1. Filter region A:106-128 down to residues that are away from every other protein chain (no Cβ under 13 Å), buried (at least 16 other Cβ atoms within 10 Å of the Cβ) and at negative phi, then give me how many there are.
2. With surrounded by 23 or more Cβ atoms within 10 Å (Cβ to Cβ), assigned by TED's automatic domain parsing to the domain that holds B:Asp365, outside any helix (DSSP H, G or I) and over 18 Å from the mean Cα position of the chain (by Cα) as the only criterion, which of B:Gly90, B:Gly148, B:Gly158 stands out?
3. If the requirement is being surrounded by fewer than 24 Cβ atoms within 10 Å (Cβ to Cβ) and within 16 Å of B:Glu286 (Cβ to Cβ), which of these qualifies: B:Thr232, B:Thr251?
4. For region B:175-213, how many residues meet the condition of being of a type in the set (A, V, I, L, M, F, W, C) and either within 14 Å of another protein chain (Cβ to nearest Cβ) or over 20 Å from B:Leu277 (Cβ atoms) (or both)?
5. Of everything in region C:235-265, what is in a helix (DSSP H, G or I) and within 14 Å of chain B (Cβ to nearest Cβ)? Give them in sequence order.
6. From the set of residues in region B:113-145 that are among the charged types (D, E, K, R) and either in contact with a Phe, Trp or Tyr (Cβ under 8 Å, 6 or more places away or on another chain) or under 14 Å from B:His62 (Cβ atoms) (or both), which is surrounded by the most Cβ atoms within 10 Å (Cβ to Cβ)?
7. With respect to the numbered conditions (1) touching a Gly at 6+ places or on another chain (Cβ under 7 Å); (2) within 14 Å of chain B (Cβ to nearest Cβ), which one is the sole condition not fulfilled by C:Gly217?
8. Looking at (1) crowded, with 24+ Cβ neighbours inside 10 Å; (2) out of contact with any helix residue (DSSP H, G or I) (no Cβ under 7 Å at 6 or more places or on another chain), find the lone condition where B:Leu265 falls short.
Amino acid sequence: MTNPVQALSKSVTVNDSPFMKPMEWLSLLVLAGFVLVVLPVFLDGFRLNLVGKYLTYAFVALGLVICWGYAGILSLGQGVFFGLGGYCMAMYLKLEASSVENTKIQSTPGIPDFMDWNQITALPWFWQPFKSLPLTLILVVAVPVLFALVISAAMFKRRVGGTYFAIITQAIAAILTILIVGQQGYTGGINGITDLRTLNGWDIRTDSAKFALYFVNAGLLIACILAAQYVKRSKLGRILVAMRDKEDRVRFSGYSVAGFKIFAFCLAAAFAAIGGAMFTLQVGFMSPSFVGIVPSIEMVIYAAVGGRLSLFGAVWGTLLVNFAKTSFSESFPDLWLFGLGALFIAVVLAFPNGLAGIWREQIEPRLTRRVKALRPAPVAIPHGTPAE
Amino acid sequence: MAEDNDSGPRSALRRKLLMGLAGLPALAMLPRGAFAAAPATAAINTTKLAVTDSEVTVGILHSVSGTMAISETGAQQAEKLAIEQINAAGGVLGRKIKINQEDGASDWPTFAEKAKKLLVNDKCAAVFGCWTSASRKAVLPVFEQYNGMLYYPTFYEGLEQSKNVIYTGQEATQQILAGLDWVHKEKGGDTFYFIGSDYIWPRTSNKIARKHIENVLKGKVVGEEYYPLGHTQFNSVINKIKLTKPKVIFTDVVGGSNVAFYKQLKAAGIDLSKQTLMTISVTEDEIDGIGGENIAGAYACMKYFQSIENENNKAFVAAFKKMWGEKTVIGDVTQAAYLGPFLWKLTAEKAGSFDVDKIAAASADIEFKGAPEGYVKVDPNHHLWSKTRVGRAKTDGQFEIVYTSPELIRPDPFPKGYQ
Amino acid sequence: MFGEYSLGDLGAIFAMQGFAGLILFSVYVLMALGLAIIFGQMGVINMAHGEFMILGAYVTYLCSTFFQANLPALFPLYFFIAMALAFLASGALGMLVEWGLIRFLYKRPLDTLLATWGLSLILQQAYRTVFGAREVGVELPSWLIGSVQVTDTIEVPINGLFVMAVTILITVSVALLIYRSRFGQQIRAVMQNRAMAGAVGIDTERVDRYTFGLGCGIAGVAGSAFTMVGSTGPTSGQLYIVDTFLIVVFGGAASLLGTIASAFSISQTQSTLEFFLSGSMAKVLTLLAVVGILMLRPQGLFTLKVRR
């Protein structure tokens, strides 16, 4: 039995095409048009904000495509990085919302309310950097990436592979959740960091701000897709794929396998962190329920549904699963878990390449056939990689 | 019968057609002239809420799916019962209450999202819902921003007060202090051991309890332990209890941990008929899972028990069982949730309006004499004055009420000297 | 902390704490044994392991209500029947799952993880639909409740002893089955070299199915035993999954002895820490220590040397 994922990737690896092929430009255009034009025109503010929230998960799915689809490292702890990014942003916003003016009923004004309730009288040292916006913006990415670096360097240098890595990241997600919930004086505990109001004086709760943030979010997402595309098309991307399929051969060819894996994992962490920060901005709070195992695994399914090898698929997959979740759980809350469970199984058994796979294998060949039938095919075009 | 409503044959006919035959029995139960008395919609709804000449829409927002569904079912059922009873008695300001239910799915952003939907899209005049503190914290900014009205049923840690929320459960001091006084006086409780699940409500409640024990009762807290939510191994802490021999074990363990804790306590030979144990997290609902034989003898500190003897409660328990089945049990939060729709109705009638600002302003000093727990009153701080009761768990899963505070206790969400 | 207690008290407490550690150890071994067979021997990551355990717990619940209603005379003995039924039910479901799902995925271990996670969601919802969202209370026969008075101050809970006995019984049977029986030989052969095992006439598919069924069946027994100490609800199974996987991985996946050693060290660490620190911190420190050690020694405590 051949592995369909590997079979597909073999046709991808050797390719001397430019940055993006016409089909990919088209995909990008369709996605950008849908997210930037169609949705804002047709959805009301409420639904648009909802889509904005889903799109923040797409950052995570995007990271998973690189780190799982291309590099073969399945992380069940992406929620950790999503959460860390989100918490960094939330800490800044919370400090801004806890001005001395706003918190004058507290016994220590000027610190977040939950600290005051827990008899903390001075801002802890690790909250200090979040008084500054530029520093916060750096830390939003730096903290999760550093954390990812520590984890992955320790493990990949010792050649901890696939399943072990997945289980360990899962344990890390569990540990971090217990820690955040338990240290409520410093983290806001299970309630998370709530009641966030302004970003550098700009009220993020208003409809116009939410509208603007939606576009910032979508823009960042497209930027991340392009960055991921750059990695994927570069030599690096091909080494990642080679490594996933035959790690030892890459190692014997003289490459530092650990180094590439660490890079892929950190990149995924960075994407997740950006998503987390945008989540905080759009939703207005951050809580430990996004750090744990369940959200982390759910994010993996977004990437799997979209197609673990497709950057655009990751975004579509995220949108599709979340739309289904919202509409299903509104009408048949009981059926939703059955549906989600079946989706996991179906994606693994029947469609290992997700939506993107269906597109490539079913729809695109038919489309090209149609197009060809319409006009006489020029003989010179080589029909090399139909699977793409 | 429908012709008896003297709001004109034409509108009666139209209404009959609209509601279909199913609506007839309910219509028949209306007191004479219910529609005639209804004030004009424009006068009672100046903020574009979902109020028509015959209907007012409210939201119910609880978890139907996910881990919290277990706890929130009772609250949601009580709210539906209350609304049905209000409708049967003629509705609010001449309008039937229509329910728009949303599922919070045990997920806090979903709660925020659905709260926004109920307020922005559905224009609900009031929302009854939320259970955990985390879900309330998540929806609070939404209710404040879009000026909605939330009736929140759970006993909680306090430290919060909002124009847009009516807290129908007890805040921590109301729930705990009278119970501690009682256990101190009646059981000679001077040493306490605290065990809780590790999150904000147990930690805050225990903090208040500790201050009270140390400063007022001059007792001692000999141990304080928190375990992660869902933890199921309590043998080590049970040994520590055996070592420290506290007079009173004071627990606020929640969820599945509860079941494990009481089973292991019993297995370790701690006999609750000899060792005093006071809990603030076990209601009739929880005993279902723990098993009455495992917890019999423990004292719970609540404002309501299903076994309260009064006419209101008898009627409430009978109606609840009729609607939701003979086997259902009613816990503290379920009763508190039942109060929400009634308090809202009384407030709307006092304010003569559905407008949220007017409801918020008129809420102070609203009295509800028909509450199953007995008379309750809304304080200007939007919490309820209520009594504290101590019940002793029996093997059949019910509580025998051993103490009822003589007076209503004033809600004090920001207790001085306890922070 | 201990200044104010007499030596006798302290001795008694340490003895009881030792028992607490042993009970935790038994619980961990029971949880991990089934997984160690499935993950260690077959390389399949079964995220639905907790749900197989809960199936066993629900079977026990059904048995207890059945015996109470129909055969009250036999109620004291129902637990043994319940455990046997739990083994059969979980084992049968396991074989069904292997046949319908797992066998397509042996070459893609990471995908088994996703598929079994999906399975766990479906099972959870199924339990919720059938048994309700609330936890169910499993009534124990009276002889399982209470404690044995060893000395004046030392008491040992009977159900703890019972869990220990079950653990020893199951562990010994599994060890005998795998290392002494013909079927065990086949399992090991298939694990070490599938193609060769097939070539010498072993029906590898059948072996896979029974191995998976065996692992799930043991999970069912564990769940049945846990009704004595834990809760039984649709989502209770999820609570065990992280601990269980860490134990198996920490032990070195392919070794039963490793699993036992790892369960022992983790449970002793945790129960000692729990005694000196607060509960949450003890848990965090234990997990951190395990993860830290795994980062330094990813192969786990024990490794089986096989040429791959």
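The values are calculated or read from the model by the stated rules, or taken from the named source; none is laboratory data. What you see is a predicted model, and the numbers here were worked out from it, not measured in a lab. Backbone-built Cβ (ideal geometry, glycine too); neighbour counts: all protein chains shown.
1. We begin by selecting, within region A:106-128, every residue away from every other protein chain (no Cβ under 13 Å); these are A:109-111, A:122-128.
The next check asks that each one be buried (at least 16 other Cβ atoms within 10 Å of the Cβ); those that pass are A:110-111, A:123, A:127.
From the residues that got through so far, the ones that are at negative phi too are A:111, A:123, A:127.
The qualifying residues number 3.
2. Numbers: B:Gly90 fails: surrounded by 23 or more Cβ atoms within 10 Å (Cβ to Cβ); B:Gly158 fails: over 18 Å from the mean Cα position of the chain (by Cα).
Checking each option against the conditions leaves just B:Gly148.
3. Details: B:Thr251 fails: surrounded by fewer than 24 Cβ atoms within 10 Å (Cβ to Cβ).
The conditions single out B:Thr232.
4. If we filter region B:175-213 for residues that are of a type in the set (A, V, I, L, M, F, W, C), which is where we start, we get B:176-178, B:180, B:182-183, B:192, B:194-195, B:200-201, B:208-209, B:213.
In the following step, the residues that additionally are either within 14 Å of another protein chain (Cβ to nearest Cβ) or over 20 Å from B:Leu277 (Cβ atoms) (or both) were identified as B:194-195, B:200-201, B:208.
Qualifying residue count, region B:175-213: 5.
5. Going residue by residue through region C:235-265, those that are in a helix (DSSP H, G or I) are C:236-251, C:256-265.
Within region C:235-265, C:Ser236, C:Gly237, C:Gln238, C:Leu239, C:Tyr240, C:Ile241, C:Val242, C:Asp243, C:Thr244, C:Ile247, C:Ala263 meet the criteria.
6. Applying the first criterion (among the charged types (D, E, K, R)) to region B:113-145 yields B:113-114, B:116-117, B:122-123, B:136-137, B:144.
The next check asks that each one be either in contact with a Phe, Trp or Tyr (Cβ under 8 Å, 6 or more places away or on another chain) or under 14 Å from B:His62 (Cβ atoms) (or both); those that pass are B:114, B:116-117, B:136-137.
Numbers: B:Lys114: 28, B:Lys116: 21, B:Lys117: 21, B:Arg136: 25, B:Lys137: 25.
This residue is B:Lys114.
7. Evaluating C:Gly217 over (1) touching a Gly at 6+ places or on another chain (Cβ under 7 Å); (2) within 14 Å of chain B (Cβ to nearest Cβ) leaves (2) as the failure.
8. The number of the failed condition is (2).
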